[in-house]
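Novice: Handing you a structure now.
Throughout, read-outs are computed from the coordinates displayed, never taken from laboratory work. Keep in mind that this is a model prediction, so the values were computed, not measured. Counting neighbours? That spans all protein chains shown, and the Cβs are built from the backbone with ideal geometry, glycine included.
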Amino acid sequence: MAFLEITDLTKRYGAETVALDGITLSVERGAFVVIIGPSGAGKSTLLRCINRMIDWGSGEIMLDGVAVGALAGPALRRHRSRIGMVFQHYNLVNRLSVLENVLHGRLGAMSSLAGVLGLYSAEAQQEALRIVQMLGLEPQLYKRCDQLSGGQKQRVGIGRALIQNPALLLCDEPIASLDPNAARVIMDTLAGINRTLGITVLVNLHQVDVALRYAGRIIGVNQGRVVYDGPPAGVTRDHIAMIYGAEADELLIERQVTDVAA
Amino acid sequence: MTTLPPRPFSGVRWLVRTTLAVLALLTIVAFATFDSRSVDVGKATAEFLAGFQRLLLEPRLENVTFVELLEQLAITVALGALTTLIGAAVAFVAALGVARNLAPRWLSLVINSVTALVRAVPTVLWVLLFAVSAGLGSVAAVIGMSFHSAGYLIKAYAESFEEIERGTLEALEASGATWWQIVAQAVVPSSVTALLSWTFVRFEINFSTAIAMGAAAGAGGIGFDMFMASGFYLDLRELGAFTYAVLAFAIALEWFATRTTARIHRPG
């Protein structure tokens, strides 16, 4: 059985809106998977089902042999603490320092009281420092996060996920709010984490060109269904049209697809 | 030159203009019809100004010593501080149950309706209400003022909590943090400045209420001395001294509040 198995997952918002319409896919351990698709295709919902931030209607998710749908209470907390999550808007506590925000990733593994009091172990603090150094943020260690640039904030977000020592990293539009240079740094960082630490990475992206460059595998989603699932090299113009609709800007896409093919 | 097209009729504008016109008319009618036969306006104004002069320019103590004045001021400050503290402690916990990004909807609705009711009744009425069981005095004042403080601060705190972005809470929840951990590690650090400044505002309110309660509810403190000086000894000069004492404390409090919030707000 694969590391992550999603079977016939269906999720509706209200009676009308179908966010996920029978999604079935499996991901091997250590894969770097990029999910592309238009806004509202269900990409975010899919990611949030994996760590059960959202409950779904029917279907099942198995992560590392554990049925995610049945989890509750402390077991659900433990499940979430093994999955890191990175967000488009970083979602840091802006008033706190880089170090404190990175340490937040440890809360899920601590007793509730120790977490409330912020009593992080010496080992956790060492680990936080090591991660901050690895992400090149050591000069900002005690800086408040509202003084950082977008790219730096996102690196703090990645640090917070990494200190969880996660088996899986979920990234929801991690570069959508960043300029091209910062976006590159973030994507390189994610690729490096996948390569050197062996963490399985699932990334939602808007940018087809970035997806094709970094992904080991592309999953194209449209209206809650998987319409493409395969290597980046196999993505054709027809696939792009299926994922983004026939009106998708050909000027933008044609060049990128042919670039990869060439 | 072309003329602008007429402005479309606006109900709000019409209402504002009509209200202003009616108020202007009432003012004119009122001044024209005042019964002022027994009042000599010139003499009254002169006496009013003389009173003010005694109050503000010639303050001195007569029936209490300076040490006693400080003691009484301390009692009033203590009444204000104690009721603010009790109110703040209750409000912090209750506000967590009100903030829509932290609490279930039903709980938020229940606490909100109760506190709206508490707030709707003025502080003085709460004190008088508790005076029925506790007797007129400091106990009734403390309970009554705390009650209204809590109601006020619950609303203020809850709104501060609701300012926090949902995403920040989501991020910690997704990493497996418990609700109390999220409150302590994200909600409090994000809203501490707002909480402090609301608490200081309430302390200012409670300080002035404590003065009034000293006179009206027999809670003691500088309010009672002011009541005696004005109503019993008819001593405007001593009342002036009390007024300056209150003013000095209010300014000191304002300075302290501004400095404290600024220090917390300053990025480190």
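Novice: Please average, across the residues of A:108-121, the number of beta carbons from any other chain that are within 10 Å of each residue's own beta carbon, and give a whole number.
Specialist: Mean shielding by partner chains, rounded to a whole number: 4.
Novice: Here is a follow-up. With a length cut of 20 Å (Cα positions projected on each helix's long axis) and a Kyte-Doolittle mean of at least -1.0, go through chain B and give me the DSSP H helices that pass.
Specialist: B:11-33, B:41-57, B:66-96, B:105-120, B:138-162, B:188-216, B:236-265
Novice: Sort out for me the Cα centre separation of segment A:117-176 from segment B:207-268, rounded to whole Å.
Specialist: Value for the Cα centre distance between the two parts: 49 Å.
Novice: How large is ³J(HN,Hα), in whole Hz, for each residue of segment A:186-198 in order, when computed from phi with the Karplus curve 6.51 cos²θ - 1.76 cosθ + 1.60 and θ = phi - 60°, using x for Gly and Pro?
Specialist: Values per residue, Gly and Pro as x: 5, 5, 4, 4, 5, 5, x, 4, 4, 6, 8, 9, x Hz.
Novice: Give me the dipole magnitude in Debye, nearest 20, for segment B:22-121 about the Cα centre, with unit charges on the beta carbon: positive for Lys and Arg, negative for Asp and Glu.
Specialist: 620 debye
Novice: Could you identify which residue out of B:Thr84, B:Thr76, B:Thr115 has the top mean-square fluctuation in a GNM of chain B using Cα springs shorter than 10 Å?
Specialist: Between B:Thr84, B:Thr76, B:Thr115, it is B:Thr115 that shows the largest mean-square fluctuation.
Novice: Any idea what the relative contact order of chain B is, in percent, if you count C-alpha pairs under 8 Å spaced at least 6 apart?
Specialist: With pairs under 8 Å counted, the relative contact order is 26 percent.
Novice: Let me ask something else. Ignore the peptide's own chain and count Cβ atoms of other chains within 10 Å of each Cβ in A:86-96; give me the average, rounded.
Specialist: Mean shielding by partner chains, rounded to a whole number: 6.
Novice: Moving to a separate point now. When chain A is treated as a GNM, springs tying every alpha-carbon pair under 10 Å, which of A:Gly69, A:Gly118, A:Gly108 comes out with the largest mean-square fluctuation?
Specialist: In this elastic network of chain A, the residue with the biggest mean-square fluctuation among A:Gly69, A:Gly118, A:Gly108 is A:Gly118.
Novice: Got a sec? How would A:Cys171, A:Cys49 order by Cβ neighbour count within 10 Å, fewest to most?
Specialist: So the residues, fewest neighbours to most, are A:Cys49, A:Cys171.
Novice: Given H placed on each backbone N at 1.01 Å, which residues far from A:Arg144 in sequence or on other chains put an amide H within less than 5 Å of it?
Specialist: Correct list: B:Gly268.
Novice: Let me ask something else. Given +1 on the Cβ of Lys and Arg, -1 on the Cβ of Asp and Glu, and no further charges, what dipole in debye does chain B carry about its Cα centre, rounded to the nearest 20?
Specialist: 840 debye
Novice: Can you tell me which of B:Val64, B:Val22, B:Val183 moves the most in a GNM of chain B? Springs connect C-alpha atoms under 10 Å apart.
Specialist: B:Val22
Novice: Sticking with this structure for a sec: Collect residues whose amide H, placed 1.01 Å from N in the peptide plane, falls under 5 Å from the amide H of B:Ala177; neighbours closer than 5 in sequence don't count.
Specialist: For B:Ala177, whose amide H was placed from the backbone, the distant partners under 5 Å are A:Gly108.
Novice: Check A:Leu168: other-chain or 5+ apart residues with amide H under 5 Å from its amide H, H built from backbone geometry?
Specialist: Long-range HN contacts for A:Leu168: A:Gly84.
Novice: Could you order the peptides A:29-42, A:2-15 from most to least packed, using the average number of other C-beta atoms within 10 Å per residue?
Specialist: Peptide ranking by packing, descending: A:29-42, A:2-15.
Novice: So, one more: Can you show me the helix-derived [θ] at 222 nm for chain B, built from DSSP H runs with n ≥ 4 at -39,500 (n - 2.57) apiece and divided by the number of residues, rounded to the nearest 500.
Specialist: -25500 deg cm²/dmol
Novice: How many Cβ atoms of partner chains, on average, are near each residue of A:77-83 if near means within 10 Å of its Cβ?
Specialist: Per residue, the average neighbour count from other chains is 3.
Novice: Students often forget the sequence filter, so: which lysines lie under 23 Å Cα-Cα from A:Lys153 once same-chain residues fewer than 8 apart are removed?
Specialist: Filter leaves A:Lys43, A:Lys143.
Novice: What ranking of B:Thr260, B:Thr3 emerges when the number of other C-beta atoms within 10 Å of each C-beta is taken as an exposure proxy, fewest first?
Specialist: Ranking B:Thr260, B:Thr3 by Cβ neighbours within 10 Å, fewest first, gives B:Thr3, B:Thr260.
Novice: With charges set only on the Cβ (+1 for Lys and Arg, -1 for Asp and Glu), what does the dipole of the protein assembly as shown come to about its Cα centre, in debye to the nearest 20?
Specialist: Dipole size: approximately 100 debye.
Novice: Would you kindly derive the ³J(HN,Hα) couplings of segment A:202-209 from the backbone phi angles with the Karplus curve 6.51 cos²θ - 1.76 cosθ + 1.60 (θ = phi - 60°), listing them in order in whole Hz, with x for Gly and Pro?
Specialist: Values, residue by residue: 10, 10, 8, 9, 9, 7, 4, 4 Hz.
Novice: I've got another one for you. Going by the alpha-carbon gyration tensor, a ≥ b ≥ c the square roots of its eigenvalues, is chain B rounded (a/c under 1.5) or, if a/c is not under 1.5, prolate (a/b greater than b/c) versus oblate?
Specialist: Cα axes put chain B in the oblate bin.
Novice: Given the peptides B:40-52, A:54-66, B:247-259, arrange them by the average over their residues of other C-beta atoms within 10 Å, most packed first.
Specialist: So the peptides B:40-52, A:54-66, B:247-259, ranked by packing, come out A:54-66, B:247-259, B:40-52.
Novice: To the nearest 500 deg cm²/dmol, what mean residue ellipticity at 222 nm is calculated for chain A from DSSP H runs of n ≥ 4 alone, each contributing -39,500 (n - 2.57), summed and divided by the residues?
Specialist: It lands at -10500 deg cm²/dmol.
Novice: Shifting gears a bit: Quote the FRET efficiency, to the nearest 0.05, computed for A:Thr10 versus B:Trp179 with a Förster distance R0 of 30 Å and r equal to the Cβ-Cβ distance.
Specialist: In this case the efficiency is close to 0.55.
Novice: Let me ask another. Relative contact order of chain A, please, whole-number percent, based on alpha carbon pairs below 8 angstrom and at least 6 residues apart.
Specialist: Here the relative contact order equals 26 percent.
Novice: Taking other Cβ within 10 Å of each residue's Cβ, how do A:Arg225, A:Arg95 sort, fewest first?
Specialist: A:Arg225, A:Arg95
Novice: Here's a follow-up. Which one of B:Met226, B:Thr168, B:Leu196 has its Cα pushed farthest toward the positive end of the charge dipole of segment B:130-268, where Lys and Arg give +1 and Asp and Glu give -1 at the Cβ?
Specialist: Result: B:Met226, furthest along the dipole toward the positive end.
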